[in-house]
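Peer 1: Mind having a look at this structure? Questions to follow.
We did not get these values from a lab; they are worked out from the coordinates using the rules stated. Not measured: the values here are computed from a predicted model. Don't worry about glycine lacking a Cβ; one is built from the backbone with ideal geometry, like all the others, and counts go over all protein chains shown.
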Amino acid sequence: MVGDMNLWRKWGGVATELLNAATTPGPRIEEHAADDLLQRLYQVMSIQPGTTAALGESVHGHPVDVLVRTQDAARPQAVLLDRGLDESADEARHLRLMFHRRQLVDCSEESAHALRYPAWRLYDTSTR
């Protein structure tokens, strides 16, 4: 953004959100505090000893729901939460978009490995 930061803050709306995104270091955790699915995903991903999980990270400029780092892994694992489709959505299109999103994150050898995590698995207790 170009111009006076105070002016952009005063205007509000999209300009203020862009300014906040550009000037706030790291993830903005408060955005995720009210999201029960993300909180549950964070708990599931950080349960293993030696594992750290972070909400609100991005890989190659693309947001990921949780970025998991382990001590022995060469690269982190990006987790994309698949919440399922909306009532009026096309199932095939939804799945294509999720796989495309995964490919955007998992596009190089040095980047985070991307995992699509269906939301129903957060409530499946048989695999834990």
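Peer 1: Lys/Arg Cβ at +1, Asp/Glu Cβ at -1, dipole of segment 51-101 taken about the Cα centre: which of HIS100, GLY61, GLY84 is farthest positive-ward?
Peer 2: GLY61
Peer 1: Per residue of segment 54-59, what does 6.51 cos²θ - 1.76 cosθ + 1.60 with θ = phi - 60° give for ³J(HN,Hα)? Whole Hz please, x for Gly and Pro, Karplus curve as stated.
Peer 2: 10, 8, x, 7, 9, 10
Peer 1: Moving to a separate point now. Size of the dipole of segment 46-127 about the Cα centre, Lys and Arg at +1 and Asp and Glu at -1 on the beta carbon, nothing else charged, in debye to 20?
Peer 2: On the way: 9 positive and 12 negative charges, 14 e Å.
The dipole of segment 46-127 has a size of about 60 debye.
Peer 1: Which value, to two decimals, describes the C-alpha radius of gyration of segment 41-85 once divided by 2.2 N^0.38 Å? Show your work: numbers first, answer last.
Peer 2: Numbers: Rg = 10.8 Å, N = 45, 2.2 N^0.38 = 9.3 Å.
Against the empirical 2.2 N^0.38 Å value, I get 1.15 for segment 41-85.
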